[in-house]
Amino acid sequence: FGIIIANVNFQEDFNLKTAATNGKNIFYNPEFVERLTDNEKTFLFAHEVCHIAFEHMYREKNKDHNTWNYATDAVINALLQKDGLTLIKGGIDEPGAEKYDAEEMYEKCLKEGKKAEPQSHNLWGDNLRQKEKQEKEQQPKDFKTKGEKEVFEENKKERKKQLDNLRKQMA
């Protein structure tokens with residue numbers, strides 16, 4: 001996630017309701033962000049970074065966009081909450097979503113008829129996928145073989161390992 005954060009561009013966009021990503025940039029409405037607490041701001045930007053890290057815009061192929069968006073938001077939000085971050089009021093809060101990968105949640109949402117608002121993540125269009133296909137092929141392949149659950153668990157183990165090493169060094 002650190003590599004993504006170090007390389008992503010943050011851009012103001014007053015036309016957005018909240019925030020969005022095209023896989024390379026994070027766009028946000030500064031008026032919306034200004035109304036958030038610091039914890040909610042952390043959640044918002046972590047949420048968008050997760051969309052990039054998990055390559056959600058590329059994994060959408062042959063899926064209903066609004067259902068896919070709901071599913072990916074549900075999984076991300078559940079994982080971030082499980083990690084101790086504060087969900088923004090009005091965010092998708094799907095109990096148990098942290099137990100699913102995005103594709104599994106998508107199938108569940110299809111059966112239950114759950115979809116995001118039509119304008120959500122409208123930056124994920126076909127033009128974006130075609131335009132950035134070459135960039136995608138140059139990105140690390142870890143997220144192609146692992147789901148969100150596994151990556152979050154590995155990240156948690158790595159953070160614990162780093163903390164343990166830091167404690168040993170300080171002792």
Q) Mind ordering 83-96, 48-61 by average Cβ neighbours within 10 Å, highest first? A) 48-61, 83-96
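Using alpha carbons only, what's the Rg to Rh ratio of the stretch 1-117 with Rh from Kirkwood?
So for the stretch 1-117, dividing Rg by the Kirkwood Rh gives 0.94.
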Q.
Using a 1.4 Å probe on the protein heavy atoms only, what accessible surface does F1 show? Give it in Å² to the nearest 10.
A. 70 Å²
Q | Cross-link pairs K82/K111; K114/K156; K61/K146 - those with Cα-Cα distance over 20 Å | A | K82/K111; K114/K156
Q.
Full-extension gain between F32 and Q81, please, as 0.36 nm times their residue separation minus the C-alpha to C-alpha distance.
A. 15.6 nm
Q: Work out, step by step, the length gained on full extension between L110 and K157: first 0.36 nm times the residue separation, then minus their alpha carbon distance; give nm to one decimal.
A: 13.7 nm
Q. Between I3 and D64, what is the FRET efficiency for a Förster distance of 35 Å, r being their Cβ-Cβ separation, to the nearest 0.05?
A. 0.70
Q. If you take the beta carbon distance between D93 and F14 as r and set R0 to 25 Å, what does 1/(1 + (r/R0)^6) give as a FRET efficiency, to the nearest 0.05?
A. 0.40
Q: Whenever you get a sec, line up T21, T42 from highest to lowest accessible area (probe 1.4 Å, protein heavy atoms).
A: T42, T21
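The values are calculated or read from the model by the stated rules, or taken from the named source; none is laboratory data. In this text the structure is predicted, and so the values were computed from the model without any measurement. Here Cβ is always computed from backbone atoms with ideal geometry, including for glycine, and neighbour counts include all displayed protein chains. Surface areas here come from the heavy atoms of the whole protein model, side chains and all, with no ligands, DNA or RNA. Shrake-Rupley method; radii C 1.70, N 1.55, O 1.52, S 1.80 Å.
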